[in-house]
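A.B. asks: Got a structure for you, written out below as structure tokens; questions coming shortly.
The values are calculated or read from the model by the stated rules, or taken from the named source; none is laboratory data. Note that the coordinates shown come from a computational prediction; the quantities given were computed from them, not determined experimentally. Note that each Cβ is placed from the backbone with ideal geometry, even for glycine, and that neighbours are counted across all protein chains shown. For accessibility, only protein heavy atoms count, side chains too; no ligands or nucleic acids. Shrake-Rupley method; radii C 1.70, N 1.55, O 1.52, S 1.80 Å.
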Amino acid sequence: MSEFDQLYREVILDHYRNPRGHGVLEHPDAVAEGQNPLCGDEISITLAFDGDTISDVRFEGRGCAISQAATSMLTELVVGRDAAEVARLPKEELLEEIGIPLTPVRLKCALLGLGVLKVALNKGKGTPLPEEWSSSDDLSFR
Amino acid sequence: MAVTAIAKLDAERLRADFPYLEELQNGVPVAFLDSAASSQKPRQVLDAMTDFYSHSYANVHRGVYRLAERATDAYEGARVKVAEFVNAPSEREVIFTRQATEALNLVAYAWGLDNLGPGDLVVVSELEHHSNFVPWQYIAGRTGAEFRTIPIDEAGELQLEVLAGIAAEGQVKVVATGLVSNTLGTVNPVEKLTAWAHEQGAIMVVDAAQAAPHRPIDVQALGCDFLAISAHKMCGPSGVGALWGRRELLEQMSPFNLGGHMIRTVTAVETTWGQLPYKFEAGTGPIAEAVGFGAAIDYLSSIGLDAIERHEHELTEYALTRLAELDWIETYGPPVARRAGIVSFNVDGIHPHDVCQILDWEGVAIRGGHHCTQPLMHRLGVIATNRASFYLYTVPEEIDRLVAGLEKVKKSLG
Ligand SMILES: Cc1ncc(COP(=O)(O)O)c(C=O)c1O
């Protein structure tokens with residue numbers, strides 16, 4: 001397999017070209033956004049809850065194929081799940097889903113969306129925000 | 001015989017001086033198009049440093065033994081080379097720093113803290129590298145001075161029409177701009193800005209980090225008051241740079257860093273400062289790095305800065321022509337006549353990270369990101385750009401490989 005095919009797997013390209021959960025919720029229960037100042041990737045997420053369950057997630061953003069595809073995959077991974085459980089979601093679970101080798105620089109791209117989601121859950125549900133997300137050296141969240 | 005002809009540079013021959021350019025990746029050398037971030041190093045510089053470390057290394061100054069004397073001579077010899085390189089009136093006006101960034105911080109702190117206050121204006125440009133932007137913004141904030149930026153036009157050139165309006169807003173005390181923009185390659189009209197700064201009674205600070213590797217620098221012709229450079233962008237080692245400053249100003253200024261080496265006498269009651277340039281060189285300096293810096297200057301001078309400038313001009317013209325053939329590429333920056341060897345561009349709908357990643361697999365190294373110029377990215381309305389930059393060892397085939405790589409990017413992700 002060529003280097004291209006390894007990183008830009010068919011499924012990544014599919015999520016990049018046809019992102020799932022793309023857009024903004026009109027009446028969200030929680031909102032957050034994040035940036036990777038190094039490369040300028042930006043992602044904002046709106047969330048809706050049904051009780052403690054995440055009933056809908058939408059994201060918008062600008063950035064590389066990896067950051068956008070990873071966030072698209074993330075939306076599929078979390079809809080219908082318990083907010084507290086998703087707040088604890090280990091990043092390995094998302095990385096497994098992405099399923100490609102990532103250099104340290106690209107890893108930050110892949111995890112930006114997950115960080116924004118955790119910040120949104122923290123704001124909307126008061127779930128704990130692990131330190132790696134609350135004070136990341138490379139990513140900034142609002 | 002006419003002496004005005006500029007010798008043509010033989011890049012193929014010069015490439016043999018650079019060990020990295022002989023290395024192969026997947027059977028071919030990497031097309032290294034990121035010299036604006038830092039240049040590769042020729043053997044002449046590496047050998048000079050190894051030789052110095054092997055045979056002449058000791059701490060400089062105050063040593064009585066011969067080895068320390070040799071080390072001091074080499075270190076001070078490098079200072080003379082830097083002084084000649086920028087045509088400084090005296091080597092006492094050349095201060096070794098860690099890089100251009102530290103040189104600019106030195107001026108911002110040591111001049112700015114004592115001379116700026118409410119009602120004063122500090123003026124930089126929208127093109128600036130963060131290293132000539134953030135220190136001024138910060139020191140202006142600390143002293144109560146106002147911070148202003150000179151905007152650029154669509155081509156990435158400074159809009160000098162706004163200067164009169166800026167002058168009307170307060171007392172302009174500092175004008176700080178780059179000579180060459182590291183993102184767009186724009187060559188700024190520093191002589192004009194200097195004239196304007198001096199009319200206002202302001203000092204003119206020039207960031208020449210991106211100019212010194214590529215064109216002759218003459219501080220007396222520019223007329224500026226301070227000028228900053230970094231060795232690592234000009235075939236020298238990382239860890240050393242220089243500030244040139246006008247003697248009267250340096251003499252009036254308070255020190256920046258304090259400690260050993262920069263003093264005359266120290267008692268519990270009072271400490272007095274050393275002479276220029278030592279007043280601004282606290283602690284053990286970048287000794288071997290300075291020697292490498294000197295060797296890099298010798299190397300560049302032996303080729304000729306005029307020849308380097310012309311070579312890069314031709315490459316830039318070629319690159320702009322080739323990229324203009326691709327209608328899915330947007331390039332930024334001024335026409336080639338007023339641009340150094342830097343081309344920033346975006347590929348329609350594809351983020352620079354993806355562009356650079358795919359180019360890497362094709363053996364082409366360029367940089368994607370904000371290039372430490374976030375205000376400029378904001379002005380251009382982009383989050384990042386791709387940047388290809390050229391140097392004395394760049395050959396046109398490398399630009400062909402860039403273009404072929406971009407075709408591949410477009411085919412794969414477009
Ligand atoms: C125009 C310009 N100014 C300043 C700098 C800072 O150089 P250094 O990091 O060596 O201080 C750079 C390097 O990227 C530059 O291109």
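A.B. asks: Please report Rg over Rh for chain A, where both radii come from the alpha carbon positions and Rh follows the Kirkwood definition. Don't skip to the end; give the middle numbers.
C.D. replies: On the way: Rg = 14.1 Å, Rh = 14.9 Å.
Dividing the radius of gyration by the Kirkwood radius yields 0.95.
A.B. asks: Could you work out [θ]222 nm for chain B from helices alone, using -39500 (n - 2.57) per DSSP H run of at least four and dividing by all its residues? Round to the nearest 500 deg cm²/dmol. Write down the numbers at each step before the final one.
C.D. replies: Details: 15 runs with 157 residues, N = 414.
Helices in chain B give a 222 nm mean residue ellipticity of -11500 deg cm²/dmol.
A.B. asks: Given the protein assembly as shown reduced to its alpha-carbon atoms as identical point scatterers, what log10 I(q)/I(0) does the Debye formula return at q = 0.06, 0.07, 0.12 Å⁻¹?
C.D. replies: Values, matching the q order: -0.36, -0.49, -1.20.
A.B. asks: Which parts of region B:353-376, residue by residue, lose 10 Å² or more of accessible area when the rest of the protein chains are there, as against the chain isolated (1.4 Å probe)?
C.D. replies: Residues shielded by partner chains are B:His353, B:Asp354, B:Gln357, B:Ile358, B:Trp361, B:Gly369, B:His370, B:Gln374.
A.B. asks: Same structure again: Highest GNM mean-square fluctuation, chain B, Cα pairs closer than 10 Å: which of B:Leu160, B:Leu127, B:Leu222?
C.D. replies: B:Leu160
A.B. asks: With both bridge residues required to lie in chain B, what share of the DSSP beta bridges run antiparallel, to the nearest 5%? Walk me through the numbers before you get to the answer.
C.D. replies: Numbers: 28 of 49 bridges.
Percent antiparallel among DSSP bridges in chain B is about 55.
A.B. asks: With all protein chains present and a 1.4 Å probe, how do B:Arg247, B:Arg338 order by accessible area, largest first? List each step's numbers first, then the result.
C.D. replies: Working: B:Arg247 85, B:Arg338 110 Å².
Descending accessible area places them as B:Arg338, B:Arg247.
A.B. asks: I've got another one for you. I'd like the residues of region A:1-30 whose 1.4 Å-probe accessible area shrinks by no less than 40 Å² going from the isolated chain to the full set of protein chains.
C.D. replies: Buried by the other chains: A:Glu3, A:Phe4, A:Tyr8, A:Tyr16, A:Arg17.
A.B. asks: Taking all protein chains as present, what is the carbon and sulfur share of the accessible area of region B:302-398, in % to the nearest whole number, probe 1.4 Å?
C.D. replies: 47 percent
A.B. asks: Chains A and B: how much accessible area gets covered up at their contact, both sides added, probe 1.4 Å, in Å² to the nearest hundred?
C.D. replies: Working: alone 7300 and 17330 Å², together 23120 Å².
Result for this pair: about 1500 Å² buried.
A.B. asks: Return the carbon/sulfur percentage of the accessible area of region B:90-245, one whole number, probe 1.4 Å, all protein chains in place.
C.D. replies: Values: 2240 of 4660 Å².
Whole-percent figure for carbon plus sulfur exposure: 48.
A.B. asks: Given B:Lys81/B:Lys279; B:Lys173/B:Lys279; B:Lys233/B:Lys411, which pairs have Cα atoms separated by over 30 Å? It would help to have the intermediate numbers written out before the result.
C.D. replies: Details: B:Lys81/B:Lys279 20 Å; B:Lys173/B:Lys279 24 Å; B:Lys233/B:Lys411 34 Å.
In this structure, B:Lys233/B:Lys411 lie more than 30 Å apart at Cα.
A.B. asks: Sticking with this one: Run the numbers on region A:64-83: which residues show a drop of 20 Å² or more in accessible area, chain on its own versus all protein chains together, using a 1.4 Å probe over heavy atoms?
C.D. replies: For region A:64-83, once contacts with the other chains are taken into account, A:Cys64 lose 20 Å² or more.
A.B. asks: Per-residue HN-Hα couplings for region B:101-106, Karplus 6.51 cos²θ - 1.76 cosθ + 1.60 at θ = phi - 60°, whole Hz, x for Gly and Pro?
C.D. replies: Ordered by residue, 3J(HN,Hα) equals 4, 5, 4, 5, 5, 4 Hz.
A.B. asks: Ordering B:Cys372, B:Cys235 by accessible area with a probe of 1.4 Å, largest first, what comes out?
C.D. replies: Values: B:Cys372 55, B:Cys235 0 Å².
Result of the area sort, largest leading: B:Cys372, B:Cys235.
A.B. asks: Share of antiparallel DSSP beta bridges in the protein assembly as shown, in percent to the nearest 5? Display every interim value, and only then the final one.
C.D. replies: Numbers: 47 of 69 bridges.
Of all bridge pairs located within the protein assembly as shown, approximately 70 percent are antiparallel.
A.B. asks: To continue, here is another question. Which percent of the accessible heavy-atom area of region A:3-131 goes to carbon and sulfur, probe 1.4 angstrom?
C.D. replies: Numbers: 2700 of 5580 Å².
The nonpolar share, carbon plus sulfur, comes to 48 percent.
A.B. asks: What shape does region B:47-301 take by its C-alpha gyration tensor, where a ≥ b ≥ c are the square roots of the eigenvalues and a/c under 1.5 counts as rounded, a/b above b/c as prolate, and the rest as oblate? Mind showing how you got there, number by number?
C.D. replies: Numbers: a/c = 2.47, a/b = 1.47, b/c = 1.68.
Judged from the Cα gyration tensor, region B:47-301 comes out oblate (a/c at least 1.5, b/c at or above a/b).
A.B. asks: If the chain between B:Ala7 and B:Asn87 were fully stretched, how many nm would it gain, using 0.36 nm times the residue separation less the Cα-Cα distance? Please list the in-between numbers first.
C.D. replies: Details: separation 80, 0.36 × 80 = 28.80 nm, distance 2.11 nm.
That pair, B:Ala7 and B:Asn87, stretches by 26.7 nm at full extension.
A.B. asks: In nanometres, what is the gap between the two model label sites at A:Leu102 and B:Ala155, each 7 Å from Cα along Cα-to-Cβ?
C.D. replies: Going from the A:Leu102 label point to the B:Ala155 one covers 4.3 nm.
A.B. asks: Determine the per residue accessible area of the protein assembly as shown with all protein chains present and a 1.4 angstrom probe, expressed in square angstrom. Let's see the in-between values first.
C.D. replies: Details: 23120 Å² over 556 residues.
Solvent-accessible surface per residue comes out at 42 Å².
A.B. asks: Report the residue, chosen from A:Ser44, A:Ser72, A:Ser55, that carries the largest GNM mean-square fluctuation when chain A is represented by alpha-carbon nodes joined by springs under 10 Å.
C.D. replies: Checking each option, the largest mean-square fluctuation is seen for A:Ser55.
A.B. asks: With helices defined as uninterrupted DSSP H runs, which ones in chain A have an alpha carbon span along their own long axis of at least 24 Å and mean Kyte-Doolittle hydropathy of at least 0.5?
C.D. replies: Numbers: long enough: A:104-125 (30 Å, 0.69).
Span-like helices in chain A: A:104-125.
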